[in-house]
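The values are calculated or read from the model by the stated rules, or taken from the named source; none is laboratory data. As the structure is a prediction and not an experimental result, all values here were calculated from the model. In this analysis, Cβ positions are derived from the backbone assuming ideal geometry, glycine residues included, and neighbour counts consider all displayed protein chains. We work out accessible area using only protein heavy atoms, side chains counted, and drop any ligands, DNA or RNA first. Shrake-Rupley method; radii C 1.70, N 1.55, O 1.52, S 1.80 Å.
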Amino acid sequence: METEIVSEFLPFGRIYKDGRVERLTGTEIIPPSLDATNDVVSKDVVYSTGHNLSVRLFLPHKSTDNKLPLLIYIHGGAWIIESPFSPLYHNYVAELVKSANCLAVSIQYRRAPEHPIPAAYEDSWSAIQWVFSHADGSGPEEWINERADFGRVFIGGDSAGANMSHHMAMRAGREKLDPRIKGVAIVHPAFWGTDPVDEHDVQDAETRSGIAEVWEKIASPNSVNGTDDPLFNVVGSDSDFSGLGCEKVLVAVAGKDVFVRQGLGYATKLKKSGWGGDVEVVVEEEEGHVFHLQNPNSESALRFLDRFVEFITDGSNGDDL
C-alpha cells in the first residue's frame, strides 16, 4: 500500500499519494439498537441509494405520546470527520431524544476531501426532503409516518452542522418547504471570512489562515472566493436572512470558542434582517468549541442540554442578546 503522504490536515487526517484518505478521529462506530431495555431505540435507514447514505433514527421507546416533535440533526466535524454513527453523535442525539421526548433523524452526508463542498449541503437537503416525504403519513419509514408531528419540526447542528442548518433553513424558505420548520438550533456555528467581523473577533493571522486552509484546501477547494464563499462567510457577506424558513432560532456560543464572535454576529444580523421570528441566544463564557459534546456530563453541558430541550419542547422562547 502506498504510504507517501501528500497532504496532512491535522488534527483531522492525511491524504496519501494513492488517493487514500486516513481520518485520525471520529471513525469509531456505534451500531443502532432496538433493545427494549434502553430508553431510546435506534435504527439506520437508507435515504439515498445513489450515494449509499443513511439516516440514524432515534425514538424514545417508552413514550406514551402518539405524535412527537421531530429533530433533524446535522453533525459537525469540519465537513471532514464524524458521522451520525460515531459515539460522539449517537450518544448526544440519543440523550436529546430521551430528554426532549422527541423523534430524531441524524443525517449522514458525504464528506471532504473525497467529496468536497457542496456535496454535504446537497445531501443534507436531500435527507430533509426525504423526511418531509412522510408529512402526509405515506413515506417509506413507519417511525416517521406514525410518530412525527410535522407541526413541530426542528433542524439543529453544531459547528459545520450548524453552518449547514442555517443554509438548510434558508433553502426551506426559498423553496417554501411545507409544513414550515418550527425552529433551528445553531450551535457553535462554523462561520468565517477573510476579515474579522468585529474588533473582538480573532485577529491572529496564523489562526485565521489555519481555519482558511481547512476550508480552501480540504473542505471546499472549488470555492471561487475562498473563505468569503457565502456558504462560509455567512455573517460578513451581504446575504439576506429575511427569508429564513422557520419561526424561531436558538444560537448557542461559547466564550472560548474561536467562532464565538461569528455566532454572536449571526444572531445580531438575523435580528436586524427583517426576518421577524424569535431569536434566543445562549452563551457559556468559560467554555470552548462543542464543549457539550466533549464533556457531556459537565455542569455547563447539562445546563445547555436543558436549554436545547426547552427549545424543542416550546418551554422557552426568550431573547437574551
Margin query: Over the chain, what is the relative contact order in percent, taking alpha-carbon pairs closer than 8 angstrom and at least six residues apart?
Written below: 14 percent
Item checked: Rounded percent of accessible protein surface that carbon and sulfur make up, the stretch 1-136, 1.4 Å probe -> 49 percent
Notebook entry, point to check: Ratio of Rg to Rh for the stretch 147-222, alpha carbon only, Kirkwood?
Noted result: 1.10
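With a ≥ b ≥ c the root eigenvalues of the C-alpha gyration tensor of the stretch 199-321, is it rounded (a/c under 1.5), prolate (a/b larger than b/c) or oblate? Don't skip to the end; give the middle numbers.
Working: a/c = 2.05, a/b = 1.26, b/c = 1.62.
It is oblate, given that a/c is not under 1.5 and a/b is not larger than b/c.
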Margin query: Using only the Cα atoms of the stretch 1-151, what are the Rg and Dmax in Å?
Written below: 17.0, 56
Item checked: Cα-based reach from residue 17 at 14 Å (exclusive), listing aspartates and glutamates while leaving out same-chain residues under 8 positions away -> 2, 4, 8, 114
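Rounding to the nearest 20 debye, state how big the charge dipole of the chain is about its Cα centre with +1 on each Lys and Arg Cβ and -1 on each Asp and Glu Cβ. Before the final figure, lay out the partial values.
Working: 28 positive and 49 negative charges, 154 e Å.
Using Cβ point charges on Lys, Arg, Asp and Glu, the chain gives about 740 debye.
Please sort by residue number the GluC sites (Glu not before Pro) in the stretch 21-84 whose DSSP state is loop and whose Cβ has at most 16 other Cβ atoms within 10 Å.
Numbers: sites: 22, 28, 82; in loops: 28, 82.
Answer by residue number: 28.
What is the calculated FRET efficiency for residue 225 to residue 10, with r their C-beta to C-beta distance and R₀ = 35 Å, to the nearest 0.05?
0.85
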Next item on the list: Enumerate the whole-percent occupancy of each 20 Å bin, from 0 to the last occupied one, for all C-alpha pair distances of the chain.
Entry: 33, 60, 7
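R0 = 45 Å: FRET efficiency of residue 91 with residue 136, Cβ-based, nearest 0.05? Walk me through the numbers on the way to the answer.
Numbers: r = 33 Å, r/R0 = 0.73.
So the FRET efficiency works out to roughly 0.85.
In what sequence, highest mean first, do 293-299, 253-259 appear when ranked by Cβ atoms within 10 angstrom? Don't skip to the end; give the middle numbers.
Values: 293-299: 12.7, 253-259: 19.3.
Highest mean packing first, the order is 253-259, 293-299.
Could you state the accessible area per residue of the chain in Å², with a 1.4 Å probe and every protein chain left in place? Intermediate values should be presented prior to the final figure.
On the way: 13580 Å² over 321 residues.
With all protein chains present, the chain gives 42 Å² per residue.
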Item checked: Most positive-pole-ward Cα, 184, 52, 68, against dipole of the stretch 24-311 from beta carbon charges -> 68
Check: For the pair residue 61 and residue 149, how long in nm is the line joining their label points, each one 7 Å along Cα→Cβ?
Finding: 2.3 nm
Check: For residue 167, what is the net charge nearby, where nearby means another residue's Cβ is under 15 Å from its Cβ and Lys, Arg count +1, Asp, Glu -1?
Finding: -3
Checklist line | 222 nm mean residue ellipticity, helices alone, for the chain (DSSP H n ≥ 4; -39,500 (n - 2.57); rounded to 500) | finding: -8500 deg cm²/dmol
Item checked: Estimated FRET transfer efficiency when R0 is 35 angstrom, pair residue 24-residue 52 (beta carbons, to 0.05) -> 0.90
